[in-house]
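The values are calculated or read from the model by the stated rules, or taken from the named source; none is laboratory data. As the structure is a prediction and not an experimental result, all values here were calculated from the model. Cβ sites come from the backbone with ideal geometry, for glycine too, and all protein chains shown count toward neighbours. Protein only, heavy atoms only, side chains kept; ligands, DNA and RNA dropped before computing areas. Shrake-Rupley method; radii C 1.70, N 1.55, O 1.52, S 1.80 Å.
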Amino acid sequence: LGSALLCSAFLPDGSIEALLLDGRRARMEPGQLRALPALAPEEMLRRDVLEVAALFLGDRYVWGGRSSVQKQAGWGVDCSGLVNLAYRSVGITLPRDAQDQFLKARRVSRAALRPGDPVFLTVSKRSREVDHVLLYTGGEGLLESRASAGKTLRTTFPERFGVSLSALEDGAVVEDASEARPRRRRIFFGAFF
């Protein structure tokens, strides 16, 4: 029907009359109407985390920031602020910084990575210190607030690291091409659910 269903009623002839959100009425046979599959509570939370994070797309990167862009200087989000706010919106309290979020996360394999899970990057391939966090959106997708781009954006594993997700494992060394001078870092997959 191309419009969301507000309510429906069975008519004496067995057909269904539906009131659509835009105010129109539609008549259909019972076989034309089906219920959407119910999402499990965790799937709903994961979806909500990503929807909230997406509200910040295009917002300016501000180191230490944890607010939406306003007309005042200094407002915006950084990578861990974005993740902190997105999870906070579904009632999950996380530490403020990427390193502390990494320490709180449960490590998962690439195969166990699910939409809404964090993806962490170390300072260098030899460092154990995490200085960046992204959100996995499914498929090859990532959502992040990135200093070198100056904003919150969508990207992919191939765009960011030159390889697809299927070629990576937790702890692998990747070439991060997001800066003018690419650097080698370690990538880790985590979960807060």
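Does the stretch 132-150 include one or more residues that are within 21 Å of residue 76 (Cβ to Cβ) and of a type in the set (Lys, Arg)? Within the stretch 132-150, one or more residues are within 21 Å of residue 76 (Cβ to Cβ) and of a type in the set (Lys, Arg). Within the stretch 124-135, the residues that satisfy the criterion of being open to solvent by 50 Å² or more (accessible area, probe 1.4 Å) and not acidic (Asp, Glu) are 125, 126, 128. Please work out which residue is farthest from residue 145 (Cα to Cα), limiting yourself to the stretch 72-91 and to residues that are β-branched (Val, Ile, Thr) and at pLDDT below 95. The extreme case among them is 90.
For residue 178, the requirement of being loosely packed, with under 15 Cβ neighbours inside 10 Å and touching a Lys or Arg at 6+ places or on another chain (Cβ under 9 Å) is not met. Picking from residues in the stretch 140-156 that are farther than 14 Å from residue 50 by Cα and of a type in the set (Gly, Ala, Ser), the one that is modelled with the lowest pLDDT is 150. If I filter the stretch 99-122 for residues that are crowded, with 16+ Cβ neighbours inside 10 Å, touching a His at 6+ places or on another chain (Cβ under 7 Å), within 25 Å of residue 51 (Cβ to Cβ) and without any contact (Cβ under 8 Å) to a residue 40 or more places away in the chain, do I get at least one hit? No.
Kindly establish whether residue 96 is outside any helix (DSSP H, G or I) and free of Cβ contacts under 8 Å to residues at least 12 places away in the same chain. No: the conditions fail for residue 96. Of the candidates 85, 143, the single residue that is in a strand (DSSP E or B) and under 15 Å from the mean Cα position of the chain (by Cα) is 143. Among residues of the stretch 130-159 that are on the phi > 0 side of the Ramachandran plot and touching a residue at least 12 places away in the same chain (Cβ under 8 Å), those with a Cβ under 7 angstrom from a residue that is open to solvent by 10 Å² or more (accessible area, probe 1.4 Å) and not in a strand (DSSP E or B), sequence gap 6+ or separate chain, pair up as 138/115.
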